[in-house]
Amino acid sequence: MAAPTSITRAARGGRGARERILQAAEELFYTRGIHATGVAALMEAAHVSPRTFYVHFPTKNALVEEYLRRFESEKPLAAEAVLERGDLTPAQRLLAIFAPMESDSPAPFRGCPFHNAVVEGAGELPEVARLAQLHKQAFRDRLVATAAEAGAAHPESLGRQLAVIFEGANALAASCNDTEAFTDARRAARTLLDVAFTTAPRE
């Protein structure tokens, strides 16, 4: 996932304050981390006063939760969006989630925002952990459904295995700041698809 668009030029004033706060959270939580980003930094980036901030988000944790919920609806992550593409066959969509990461940004690769939030929460943010668990389960279920749509003999097994490979690649790429992990993951996924469909999909 590429770093969110910078919000440093956001307009000042009260109109759109909630959206500016969420945009600030999207950028700063993802690039700096949740614990490293204080409320003061969020208010400065969003150009809002403490009063305005707390009117929209009574606590920082409430903002963290809403930041994650946005990925469920308004801003789907790239791998999840590709599973909805109508120009690819179901089998091609399963392979496309491992597409090489392309970005000109010098910022380190940060991986999955849900994974990062759970790790940072260290068991102290139960609602964040719940949101991440639901998100990961939904992604895995979508892979299983796509595998079934593609005609895999054992879609449950294939979908779950692809989820493990994908999540592992994300974590390794973020830990090492090396997106080459997705190239290796793609090869592993193609091997699974070879077994499941005899011939892996070509793009």
Legend entry - For the chain, built as a Gaussian network whose Cα springs stay under 10 Å, the top-fluctuating residue of Phe98, Phe114, Phe71: Phe71
Inset, instruction - Multiply the residue gap between Arg69 and Glu180 by 0.36 nm, knock off their C-alpha separation, and tell me the result in nm, one decimal place. - result: 37.1 nm
Inset, instruction - Starting from the Cα of Ala107, step 7 Å along the direction of its Cβ; do the same at Tyr54; then give the gap between the two resulting points in nm. - result: 2.9
Inset, instruction - Quick one: divide the alpha-carbon radius of gyration of segment 60-99 by 2.2 N^0.38 Å and tell me what you get. - result: 1.50
Legend entry - Given [x] 1.20; [y] 1.13; [z] 1.06, the label whose value is Cα Rg over 2.2 N^0.38 Å derived from this model: [y]
Inset, instruction - Could you give the spread of the C-alpha atoms of segment 46-152 along their three principal axes, from largest to smallest, in whole angstroms? - result: 54, 33, 24
Legend entry - Within the chain: Cβ-based charge dipole about Cα centre, in debye rounded to nearest 20 (Lys, Arg +1; Asp, Glu -1): 460
Legend entry - Scattering curve values for segment 17-72, log₁₀ I(q)/I(0), Debye with Cα scatterers, q = 0.22 Å⁻¹: -0.74
Inset, instruction - Determine the calculated [θ] at 222 nm for the chain from helices alone, applying -39500 (n - 2.57) to every DSSP H run no shorter than 4 residues and normalising by the residue count; nearest 500 deg cm²/dmol. - result: -20500 deg cm²/dmol
Legend entry - Largest to smallest principal axis extent of the C-alpha atoms in segment 146-186, angstrom: 35, 14, 12
Inset, instruction - Return the FRET efficiency for the residue pair Ser157, Glu124: r is the Cβ-Cβ distance, R0 is 35 Å, and the value is rounded to the nearest 0.05. - result: 0.50
Inset, instruction - Select from Ala196, Gly38, Thr89 the residue farthest towards the positive end of the dipole of the chain; place +1 on Cβ of Lys and Arg, -1 on Cβ of Asp and Glu, and compute about the Cα centre. - result: Gly38
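Every number here is computed from the coordinates shown, using simple stated rules; none is lab data. All figures in this text were calculated on a predicted structure; none of them were measured in a lab. Counting neighbours? That spans all protein chains shown, and the Cβs are built from the backbone with ideal geometry, glycine included.
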